Structures are given as structure tokens and as C-alpha cells.
1. Can you tell me which condition ALA169 does not meet? The list is (1) modelled with pLDDT under 95; (2) outside the structural domain of GLU265 (by TED's automatic domain parsing), and all the others hold.
2. Which of the numbered conditions does ILE57 fail, given that it passes all the others? Conditions: (1) over 20 Å from the mean Cα position of the chain (by Cα); (2) without any contact (Cβ under 8 Å) to a residue 60 or more places away in the chain.
3. Taking into account only those residues within region 91-119 that are over 18 Å from SER369 (Cβ atoms) and basic (Lys, Arg), which is surrounded by the fewest Cβ atoms within 10 Å (Cβ to Cβ)?
4. State whether one or more residues within region 174-195 are under 18 Å from the mean Cα position of the chain (by Cα), outside any strand (DSSP E or B) and of a type in the set (S, T, N, Q).
5. Inside region 338-364, can you point out the residues that are of a type in the set (Asp, Glu) and buried (at least 18 other Cβ atoms within 10 Å of the Cβ)?
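The values are calculated or read from the model by the stated rules, or taken from the named source; none is laboratory data. Every value quoted in this text rests on a predicted model; they were computed, and no experiment measured them. Cβ coordinates were reconstructed from backbone atoms using ideal geometry, including for glycine residues, and neighbour counts include every protein chain displayed.
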Amino acid sequence: MKTKHLQDLMTGWRHDFHLHPELGFEEHQTSSKVADLLTDFGLSVHRGIGGTGIVGILENGESTRSIGLRADMDALPIEETGDFSYSSQQKGVMHACGHDGHTSMLLGAAKYLADNKSFEGRVVFIFQPNEEHGLGASAMIEAGLFERFDVDDVYGIHNIPGMPVGTFAMRTGPITASESLFEIRIKAQGGHAALPHMGVDAIIVGTEIVQSLQTIVSRKLNPSLNGVVSVTEFITDGRRNVLPGIATLKGDARALSTEVNETIEARIRQIVAGISSAHGVKTEVHYDTLFPSVINTSIPVIAAHRAASEIVGSRAVDAECEPKLFSEDFAHMAATKPGCFVLMGNGIQGVNAKPLHSSDYDFNDEALSYGSSFWVQLVEQELSRSIE
């Protein structure tokens, strides 16, 4: 692999990031380390793009072609339970999604390309803050990311536990789902638990709504389309002998298309209006789409497939993978520029196969060389002198 000789360096960076995790828009130490390393490599470095975002520019030759490569830097508010020499030193915060690995892979690619200048054009290395809350990509874009550092295409990578190391996957069209948060507030008439006929129990109304929401996917969506509707919180002002008058339902909805997302929202509002009318209570519905679906563009997908196949062989690359129902902030970049979001194996055993966002998950150091070599191959391929 192209970057195998950088394995120890990348592992050291990764472990340092893991030791010192930072939450979204608080990645001050992380972004400072990234910027200092990029400067040492000889890149032109731009700090504070969209808060704590970093952009590194590497140019070679006179070609006007440009490619954007993105990594995320933020950690999660989770107490780490894994026992490593590099376990988090920040109480209640850990890299439970592998962004420490993503950042280190992109740094490895930057060093290799800076040392070898094996391309013709411009590479824009994008180190994004606050992916977990879906705010970092928009912040960088609103700060002029693509106006100041224009690219022809933009690419992102995410590790996938349970997928073998040394494998890659991508697809044209939707590859990750949108995420929408909803809140339903019910205002009924509370009262004495012994006198339910004198009021309207908000729990009864709420449970009817919860049950009916489960019919949206099973009965209101085309079976060929994917969607998830989950109620995750049920909060009331009831007490031991007091029937609640106020209830709040909170939940999460996922969809692989704008059409399905809009259908889910419309059906939630319809169900809530019908049930509240039947019981004579007042309700409010709030539906907020935080992450749109990541939609991959065909030409960048072809390019990513070709680059990955060069690194690991075509049999280890799935160019028509099933879409995932998790969400990704890269969606905003892929909606602005032609893009491809790539999935990369993190391992099938032990802590490397634990679910993302688990307290005992860990990024697989073995994957660092695969990911960074993929980045290098993609740049050399797409910014080849022979293209011009």
C-alpha cells in the first residue's frame, strides 16, 4: 500500500487524538494539531473555517482541476469503557465514531502527497468540526468553504464496524438516511387518578399516538421504500395519584429520500390531528430535519470505485452497496458539489466490530493505511497529468 511506511506516524496521531477527544465546535486542541502538522508538511493552511474547521491546500503544476477530501474531527459525549493505553483522558467524552481515525488517515494522505507531488492540480483537505450534531459542514459552507477553495468533486469516508478491514463500499444515489427529530406536545386535562372521567388523561392520548405512528412505515409507505419512525421519549407531568394533563413525545425519523421524509412528516401531523380531535385536546407538532440524506453522484462514485479497486482489488469493493439508515453531515457538502461518500471496513472482531457510538468501540489502526492509500490513489488518479 502507498502509505504503509506512514503507519506508525498515523497510529501515533490517532492515539493522541483519542487521548484528547473534543466535542463539536470545541475541537481547539485537535484543530491546532491538524493545522500544525499540515503546516509542517508544507501545505497552505487556513484556520477557523466555520468555527474550528481547518482547510489545507496542496498544489502542484498548472492544472486547474481540484479535488476536495473531507475528514471529521469531533468526538461524542460518551464515557469510554475500553481499556487502552490511549483511552480518553477527557471524562465523559470519547471518539466513539472513529473520527480520530478519519482525521489521521487524511493527514497521512496529505503528508504522502506533499512529499511526492504525484499529481497535477489542487487538493483541498477539509477537516470538519461538529459532524455529530449535523452543524459543521453547513458552518464551513456558510463561511465560504467552496467559494474560497473551489473543488470539482468532494469525497468523504466513514469506517463501518462489522465490515472487514481492507474492503470498501459505495453506491450512486442515497447512501445514508436523513435524520429528523420530532416533538409532539399534548395539552389535555389532568386530575385525580380516582376520577378519570372528569378529565382527559394525556397518557391515553399519547399512547394512541405512539401506537398509530408505527403504522406510518408499515401501512403508509411503499414497501419498496425505506423509513424508520421511533418514539424515544414519553414525558408527562403526572404523579402517583395524579393523571397528567401534559405529555410530550419525542422521537427520531429516518428516510432515504426527500419524498419519504415529507411523507413521514405529513402522516405524523395527520395522525396527531386526528387523535387529538377525537379526544378534544390541543396538540403541537414540531418536525426538524437535521441531516438530509447523502446523495452520491455517479461520476465521483465511479472514480472512488476505481481508486479503491486499485488499492484492495475489485473483489473487495462493493460499488452497489445497500444504503445505511444512519445519517451523515457530509450530506450538505454532497448537495453543494458532486460528491461520493465511501464506506470502509473497520473489522469483524472485538472492539473494532462494536457498533458506532458504543462506549467500548475503537477505530482499527490497521485500517489507517487502507484509508490513506485510498485517498492518495484517488488524488493521483483524478489529478493525473494525463487527464489534462
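1. (1)
2. Unmet condition: (2).
3. LYS91
4. Looking through region 174-195, none of the residues is under 18 Å from the mean Cα position of the chain (by Cα), outside any strand (DSSP E or B) and of a type in the set (S, T, N, Q).
5. ASP362
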